[in-house]
1. Are any of the residues in the stretch 410-432 hydrophobic (A, V, I, L, M, F, W, C), under 18 Å from the mean Cα position of the chain (by Cα) and surrounded by fewer than 23 Cβ atoms within 10 Å (Cβ to Cβ)?
2. Can you give me the number of residues within the stretch 213-235 that are surrounded by 22 or more Cβ atoms within 10 Å (Cβ to Cβ) and not in a loop (DSSP other than H, G, I, E, B)?
3. Quick check: anything in the stretch 250-269 touching a residue at least 40 places away in the same chain (Cβ under 8 Å), in contact with a helix residue (DSSP H, G or I) (Cβ under 7 Å, 6 or more places away or on another chain) and in a helix (DSSP H, G or I)?
4. Among what's in the stretch 133-174 and is polar (S, T, N, Q) and in a helix (DSSP H, G or I), pick the residue that is nearest to residue 111 (Cα to Cα).
5. Just to be sure before I move on: is residue 151 free of Cβ contacts under 8 Å to residues at least 12 places away in the same chain, farther than 30 Å from residue 188 by Cβ and either in the same structural domain as residue 177 (by TED's automatic domain parsing) or in contact with a Phe, Trp or Tyr (Cβ under 7 Å, 6 or more places away or on another chain) (or both) in the structure I sent?
6. Please state which of the following conditions residue 167 fails to meet, knowing it meets all the rest: (1) without any contact (Cβ under 8 Å) to a residue 60 or more places away in the chain; (2) in contact with a helix residue (DSSP H, G or I) (Cβ under 9 Å, 6 or more places away or on another chain); (3) of a type outside the set (Gly, Ala, Ser).
7. Mind listing whichever residues of the stretch 325-352 are buried (at least 24 other Cβ atoms within 10 Å of the Cβ), within 28 Å of residue 74 (Cβ to Cβ) and either in contact (Cβ under 8 Å) with a residue 60 or more places away in the chain or within 19 Å of the chain's Cα centre (by Cα) (or both)?
8. Note down all Cβ pairs under 7 Å where the first residue falls in the stretch 28-40 and is under 10 Å from residue 2 (Cβ atoms), the second is of a type in the set (A, V, I, L, M) and not in a strand (DSSP E or B), and they're at least six residues apart or on different chains.
Amino acid sequence: MTLLLKAGLLWTGVREIEDGWLLVRDGFVDQIGSGAAPHADEVVDEPSCVAMPGLVNAHDHMYQWATRGYVPDGTLFEWLRALYPVWARMDAEVVRAAARAAMAKLLLSGCTLSTDHHYVFPRGKPGLFEALVETARGLGLRFHPCRGSMSLGESKGGLPPDTVVEEHDAILAHTEEMIERFHDPNPGSMCRVVVAPCSPFSVTPELMRDSAALARKHRLRLHTHLAETLDEERFCVERLGVRPFELMEELGWTGDDVWYAHGIHLSDAEVDRVAEVKTGIAHCPSSNMRLGAGTCRVEELVRAGARVGLGVDGAASNEDANLAMEAHQALLLARVRNASPQALDARTAWRLATKGGADCLGRDDCGELAPGRCADVACFRVDDLAHAGIKDPLAGLALAPPARAQTVLVNGRVVVKDGRLLTADEGEVAREIGAVSTRLRRSE
């Protein structure tokens with residue numbers, strides 16, 4: 001099966017091709033060019049669009065779609081303390097509806113590959129991880145689900161209540177089961193499992209070490225929150241006697257198989273060290289601003305050579321999960337932080353949203369368009385009111401981020417066409433998430 005995609009401008013992640021085209025064969029890019037195009041079984045013609053590599057979401061908590069709008073003016077720790085009891089009432093129905101909403105919104109925004117850091121597993125509520133994987137499969141999203149965990153409850157000095165933490169051995173056993181059932185390491189994989197204890201204030205050092213050992217036994221990637229807030233930094237210094245990144249080094253949580261969410265409060269030396277050990281950072285600008293957590297030194301990390309991607313984070317701390325908007329926010333926030341328009345340019349912002357995220361997730365077959373790479377493509381209109389006549393279309397899309405993509409391909413399959421999701425009914429998805437959100441609120 002072959003598909004030909006034609007666009008007014010094709011940005012491969014490396015070069016820009018006017019009136020460009022790419023030929024897809026069996027889910028992978030086969031050829032790229034301009035001018036006369038080869039024959040294909042199916043043709044998608046978008047002359048008024050910029051086509052680019054599908055966007056990559058490097059950090060998310062999809063279950064939080066069911067709890068948007070809570071604690072709108074709280075810090076991270078205040079927000080978490082209010083939401084932990086609500087999340088303790090989640091079941092597979094809630095997670096499935098929330099994941100459908102999250103994934104539908106991501107696909108509509110041009111995202112083709114996403115992770116999800118799911119770390120709340122209420123007792124007696126089975127099937128949560130399975131619901132995530134099944135939902136991604138049904139909607140056609142390339143997916144890296146993280147088997148997250150929390151093991152350090154309030155009674156042992158942690159932040160979360162004991163009712164939402166799990167036992168050490170049970171976490172590792174369930175993680176291994178999910179790896180065996182769902183992880184596919186092959187090129188072009190649609191599902192790869194990640195091992196992801198939640199954070200220094202909700203997980204014991206022993207679980208961090210054992211999780212790393214489990215992941216590396218299976219050659220999986222590792223993910224956790226790090227250096228998100230000053231509250232977290234104080235917790236680590238007062239309880240453990242080290243800064244958050246120092247703790248990661250002690251526990252073996254650095255290297256090219258690790259990426260952190262946020263990485264805001266890093267020292268100069270830590271910025272250089274993150275780059276040196278090839279550890280990734282998922283920058284989540286909207287969430288960081290929403291929670292008043294601080295500003296990631298993204299331009300310094302990029303300059304140092306670190307792997308940096310973008311994440312929408314959970315919808316409870318970023319109610320508009322749109323990766324194009326995150327590229328926009330990253331661009332402007334870096335300029336504000338440095339008081340310089342040269343701090344971050346539009347093309348670098350798009351690279352963070354594509355190849356940067358793919359690098360964090362360990363996908364050398366995604367993030368750029370080239371023969372042999374996955375045929376994941378997002379097409380954005382530049383003839384609409386927001387962009388018509390703009391001199392530099394690629395910069396224009398970063399400066400005026402589109403609300404949704406015109407066409408999206410995942411694995412060579414059209415999943416969004418004319419701005420509409422083809423793999424689910426958007427109205428039905430909205431009704432489902434509305435119903436489960438209301439059920440959770442009424443059970444308080």
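The values are calculated or read from the model by the stated rules, or taken from the named source; none is laboratory data. The model shown is predicted, which means the values in this text are computed figures rather than measured ones. Counting neighbours? That spans all protein chains shown, and the Cβs are built from the backbone with ideal geometry, glycine included.
1. So in the stretch 410-432, the residues hydrophobic (A, V, I, L, M, F, W, C) come out as 410, 414-416, 421-422, 424, 429-430.
With the extra rule that they be under 18 Å from the mean Cα position of the chain (by Cα), the set shrinks to 410.
Restricting the remaining residues to those that are surrounded by fewer than 23 Cβ atoms within 10 Å (Cβ to Cβ) gives none.
Checked the stretch 410-432: no residue is hydrophobic (A, V, I, L, M, F, W, C), under 18 Å from the mean Cα position of the chain (by Cα) and surrounded by fewer than 23 Cβ atoms within 10 Å (Cβ to Cβ).
2. Step one: filter the stretch 213-235 for residues surrounded by 22 or more Cβ atoms within 10 Å (Cβ to Cβ), giving 215, 220-229, 232.
Checking the rest, the ones that are also not in a loop (DSSP other than H, G, I, E, B) come to 215, 221-226, 232.
Of the residues in that region, 8 qualify.
3. No, the stretch 250-269 contains no residue that is touching a residue at least 40 places away in the same chain (Cβ under 8 Å), in contact with a helix residue (DSSP H, G or I) (Cβ under 7 Å, 6 or more places away or on another chain) and in a helix (DSSP H, G or I).
4. First, the residues of the stretch 133-174 that are polar (S, T, N, Q): 135, 149, 151, 155, 163.
From what is left, the residues that are in a helix (DSSP H, G or I) are 135, 155, 163.
Numbers: 135: 15, 155: 40, 163: 34 Å.
Applying the filter and picking the extreme gives 135.
5. On the way: free of Cβ contacts under 8 Å to residues at least 12 places away in the same chain: no; farther than 30 Å from residue 188 by Cβ: yes; either in the same structural domain as residue 177 (by TED's automatic domain parsing) or in contact with a Phe, Trp or Tyr (Cβ under 7 Å, 6 or more places away or on another chain) (or both): yes.
Judged against the criteria, residue 151 is not a match.
6. Only one criterion is unmet by residue 167, namely (2).
7. Within the stretch 325-352, 326, 327, 330, 331, 352 meet the criteria.
8. none
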